[in-house]
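K.L.:
One structure coming up, written as structure tokens, with questions to follow.
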Protein chains: 2
Amino acid sequence: MGKGAGRVLVRLWSAGLIQGALALGGNQGSAAGGTALQALPLGVPKILLSTVASGNIRPFVGSRDIFVIFSVVDFVGGPNQLSRQILSRAATSLLQMARSWGALLPSPDLKNLVALSALGNTTPLVENCLQQLPVLGMEGVVFHASGAGGAAMEDLIRAGWFSAVLDLTTHELVGEALGYDIYTPTQPGRLQAAAELGLPMVVSVGGLDYYVFGAPSTIPEHLRDRKTLLHNPFNANVALKTEEFARVAEALCHRLNPARGPVALIIPLKGFSQYGEEGGPFWNPEGIEIFVRTVQSNLSSRHHLHILNAPINSSQVVKVAISELRKFLGGGRAKG
Amino acid sequence: MGKGAGRVLVRLWSAGLIQGALALGGNQGSAAGGTALQALPLGVPKILLSTVASGNIRPFVGSRDIFVIFSVVDFVGGPNQLSRQILSRAATSLLQMARSWGALLPSPDLKNLVALSALGNTTPLVENCLQQLPVLGMEGVVFHASGAGGAAMEDLIRAGWFSAVLDLTTHELVGEALGYDIYTPTQPGRLQAAAELGLPMVVSVGGLDYYVFGAPSTIPEHLRDRKTLLHNPFNANVALKTEEFARVAEALCHRLNPARGPVALIIPLKGFSQYGEEGGPFWNPEGIEIFVRTVQSNLSSRHHLHILNAPINSSQVVKVAISELRKFLGGGRAKG
């Protein structure tokens, strides 16, 4: 129902008949209404007023810019003196937004944008790459590889925002390849948009060495004997087993092989994350060795493979990533 | 840090120096920023722009009317051509809201409001009570007893919105008494605000016969052998054991006994929820018997105890609830 309603919304919006949309509901209504709102493009004003918004809103929001408001009161029995004010304010907000702006669309002067993926565990690498991009006449836009972020990155690549990707934190493939991870993309299929469009892709393996779960109680039972680190009380990281490195490597090659544009894959032998560095709690040289062998026998020979004797957060990775990007872009561009 | 920042916000708002607030952050920033925003009263414009909003936002929002927006892009590396637009739109929204409205405060003409608590399992009862309230010159405002809703009800009772409560769905006490339940109040202490203020309280036991969890994988291990029902794929209900009925009954009496105003407690012997009705999947006559005995030996004799040979969703419960409320309010009031 939500998907059908979404198609109706997009049709009305495309015809210029609506400039925004507001959905209202409890558990089931928020799921259907949120799904419908997700169909509208980035920037089109969308509000979800929900009796269950103080909880997990991922099923309602996905990877989209929906304004979500916990309604405080329920809607059972129709509007009353209190809920009428809450409803009226939400409606007024939508009106004000719709009068002020519309869809955010890529314009020609944005053609020098590069999409990057990051997690806390790869932030030093990503920040160093960001600093180098202006030298190439490029500007970086970072996505948090936490499921919704990676899915949003794929969406916006498809919408034409980017001329290249530095997809250095491909962590979300863990959930796709192994079936568990709270950071599994909200829409499956990481690493596909740039591959299909033939954009230059510089890819690395950030965070491919561990699972992410919520509070420790949410770790699946069969993974509870693994090495585990608490990023914070609501974020537990669990080490991958050696044989799982091979399955993730296969999935990565499977996604990269059909890419229509130039692809470079960088594998840092001294660890795929801060936690996974030599001497760190998730350091697993056997896992990395199997990963490398799997890639060597599965990655298309059209692609450029760089195996570096360094950890992911290192100047070596920055140097190779930027130099490959420069090559792919034809030796640097003027800033638009 | 969030609590301290909240005190600063309230001080600035009380002095008329700010009309709203916007917080920005990832995991840690959303927790601190959201906590700060929660300190501002209902209706004061508050926006949380978060890189992790597509997930569980309960720790950020609590029971408050915060506009939450998933930022789509990350903020690592400072603003860029895309994030600048997202930031600017969030800031513009806050400005527009702050120009349009302020705190929602109870006014004298609202003095005929009654707070009610509901879940899907008690909706027939609550809807029938709502229909009777105009006869008493009252209007009902319903709160969803899902943790944030009950906490919001306590907040707004304390803020002076209500002249009486029909707290028929006290389910959230299960989490408080037994220590497990996703619907545990976001701020502990259900049934306390009305008791402290001495408001007339008509109370029943809606949903005190089962736990609520999220997806089945989130049910604590030691409860997995219990009778379980899926309300939807993300909402699993688990039956209470007989001895747990006694612990919940004790907690209920403990909360009601100090009440400074008139209190009526209605116990429907034929089931505390739709699922718990005679013949229903959670029907547990031994549990109800222990519940009644525990209440009989623990409830203050100042309070009115009504034991009805009917299920919670029945005209008998409606009749007693409305008649007690009428008595407490002095035989009906003129509509304000």
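K.L.:
For the subset of the stretch A:172-184 comprising residues that are under 23 Å from A:LEU130 (Cβ atoms) and in a loop (DSSP other than H, G, I, E, B), which member is nearest to the other protein chains (Cβ to nearest Cβ)?
P.N.:
Here the residue is A:TYR183.
K.L.:
Would you confirm whether or not the stretch B:168-184 contains a residue that is touching a Phe, Trp or Tyr at 6+ places or on another chain (Cβ under 6 Å), buried (at least 24 other Cβ atoms within 10 Å of the Cβ) and farther than 21 Å from B:PHE234 by Cβ?
P.N.:
The answer is no; no qualifying residue exists.
K.L.:
How about the stretch A:141-171: which of its residues are touching a strand residue (DSSP E or B) at 6+ places or on another chain (Cβ under 8 Å) and part of a loop (DSSP other than H, G, I, E, B)?
P.N.:
Scanning the stretch A:141-171 gives A:ALA145, A:SER146, A:TRP161, A:PHE162, A:SER163, A:LEU168, A:THR169, A:THR170, A:HIS171.
K.L.:
Quick test for you: out of A:ALA21, A:ALA36, pick the one residue that is over 23 Å from the mean Cα position of the chain (by Cα) and surrounded by 22 or more Cβ atoms within 10 Å (Cβ to Cβ).
P.N.:
Residue meeting the stated conditions: A:ALA21.
K.L.:
Additional query: Take B:LEU308 and tell me if it is touching a residue at least 24 places away in the same chain (Cβ under 8 Å), closer than 20 Å to B:HIS171 by Cβ and surrounded by fewer than 21 Cβ atoms within 10 Å (Cβ to Cβ).
P.N.:
For B:LEU308, the condition - touching a residue at least 24 places away in the same chain (Cβ under 8 Å), closer than 20 Å to B:HIS171 by Cβ and surrounded by fewer than 21 Cβ atoms within 10 Å (Cβ to Cβ) - is met.
K.L.:
Within the stretch A:73-92, does at least one residue satisfy the condition of being in contact with a Pro (Cβ under 7 Å, 6 or more places away or on another chain) and surrounded by fewer than 24 Cβ atoms within 10 Å (Cβ to Cβ)?
P.N.:
Yes, there is a match, as at least one residue in the stretch A:73-92 is in contact with a Pro (Cβ under 7 Å, 6 or more places away or on another chain) and surrounded by fewer than 24 Cβ atoms within 10 Å (Cβ to Cβ).
K.L.:
Could you please find all residues in the stretch B:130-141 being within 20 Å of the chain's Cα centre (by Cα) and either over 15 Å from B:ASN313 (Cβ atoms) or more than 9 Å from chain A (Cβ to nearest Cβ) (or both)?
P.N.:
Hits for the stretch B:130-141 are B:GLU139, B:GLY140, B:VAL141.
K.L.:
Of all residues in the stretch B:129-140, how many are within 17 Å of B:VAL205 (Cβ to Cβ) and either out of contact with any strand residue (DSSP E or B) (no Cβ under 9 Å at 6 or more places or on another chain) or free of Cβ contacts under 8 Å to residues at least 12 places away in the same chain (or both)?
P.N.:
Residues meeting the conditions: 0.
K.L.:
Criterion first (within 9 Å of chain B (Cβ to nearest Cβ) and either crowded, with 20+ Cβ neighbours inside 10 Å or within 17 Å of the chain's Cα centre (by Cα) (or both)) does A:VAL114 satisfy it?
P.N.:
Against the criterion (within 9 Å of chain B (Cβ to nearest Cβ) and either crowded, with 20+ Cβ neighbours inside 10 Å or within 17 Å of the chain's Cα centre (by Cα) (or both)), A:VAL114 does not qualify.
K.L.:
Within the stretch B:148-159, work out how many residues are of a type in the set (Gly, Ala, Ser) and either more than 7 Å from chain A (Cβ to nearest Cβ) or surrounded by fewer than 23 Cβ atoms within 10 Å (Cβ to Cβ) (or both).
P.N.:
Residues meeting the conditions: 3.
K.L.:
In the stretch B:202-237, which residues are surrounded by fewer than 21 Cβ atoms within 10 Å (Cβ to Cβ), outside any loop (DSSP other than H, G, I, E, B) and away from chain A (no Cβ under 14 Å)?
P.N.:
Passing the criteria: B:THR228, B:LEU229.
K.L.:
Hey, which of the helices (runs of 4 or more DSSP H) in the stretch A:10-111, taking only ones fully inside, have at least 2 residues that are in contact (Cβ under 8 Å) with a residue 12 or more places away in the chain and among the small types (Gly, Ala, Ser)?
P.N.:
The qualifying helices (runs of 4 or more DSSP H) are A:27-38, A:83-100.
K.L.:
Right, next: Is it the case, given these coordinates, that A:PHE67 is of a type in the set (Phe, Trp, Tyr) and modelled with pLDDT of 95 or more?
P.N.:
Yes: the conditions hold for A:PHE67.
K.L.:
For A:GLU289, indicate whether it is among the acidic types (Asp, Glu) and either touching a helix residue (DSSP H, G or I) at 6+ places or on another chain (Cβ under 8 Å) or in a helix (DSSP H, G or I) (or both).
P.N.:
Spelling it out, A:GLU289 is indeed among the acidic types (Asp, Glu) and either touching a helix residue (DSSP H, G or I) at 6+ places or on another chain (Cβ under 8 Å) or in a helix (DSSP H, G or I) (or both).
K.L.:
Take A:GLU278 and tell me if it is in the same structural domain as A:ILE157 (by TED's automatic domain parsing), farther than 20 Å from A:LEU178 by Cβ and among the acidic types (Asp, Glu).
P.N.:
Taking the combined requirement at face value, the residue satisfies it.
K.L.:
A further question follows. Taking the stretch A:1-45, which residues are out of contact with any Pro (no Cβ under 9 Å at 6 or more places or on another chain), more than 10 Å from every other protein chain (Cβ to nearest Cβ) and closer than 17 Å to B:VAL68 by Cβ?
P.N.:
A:ALA23, A:LEU24, A:GLY25, A:GLY33, A:LEU37, A:GLN38 - these are the residues of the stretch A:1-45 that are out of contact with any Pro (no Cβ under 9 Å at 6 or more places or on another chain), more than 10 Å from every other protein chain (Cβ to nearest Cβ) and closer than 17 Å to B:VAL68 by Cβ.
K.L.:
For the list (1) at pLDDT 95 or above; (2) surrounded by fewer than 24 Cβ atoms within 10 Å (Cβ to Cβ); (3) in the same structural domain as A:VAL263 (by TED's automatic domain parsing), I need the number of the one condition that A:LEU95 fails.
P.N.:
For A:LEU95, the failing item is (3).
K.L.:
Let me ask another. Take the conditions under 16 Å from A:PHE60 (Cα atoms), out of contact with any Phe, Trp or Tyr (no Cβ under 6 Å at 6 or more places or on another chain) and of a type in the set (Lys, Arg) and apply them to B:ARG58. Does it pass?
P.N.:
yes
K.L.:
Please work out if A:PHE291 is touching a Gly at 6+ places or on another chain (Cβ under 7 Å), in the same structural domain as A:GLN192 (by TED's automatic domain parsing), closer than 24 Å to A:LEU223 by Cα and modelled with pLDDT of 95 or more.
P.N.:
Against the criterion (touching a Gly at 6+ places or on another chain (Cβ under 7 Å), in the same structural domain as A:GLN192 (by TED's automatic domain parsing), closer than 24 Å to A:LEU223 by Cα and modelled with pLDDT of 95 or more), A:PHE291 does not qualify.
K.L.:
OK, next. Given the residues A:ASN128, A:ASN121, which is the only one that is outside any loop (DSSP other than H, G, I, E, B) and at pLDDT below 95?
P.N.:
After applying the criteria, what remains is A:ASN121.
The values are calculated or read from the model by the stated rules, or taken from the named source; none is laboratory data. Because the structure is a prediction, the values reported are computed rather than measured. Because the Cβ atoms are built from the backbone with ideal geometry, glycine has one as well, and the counts that use them run over all protein chains shown.
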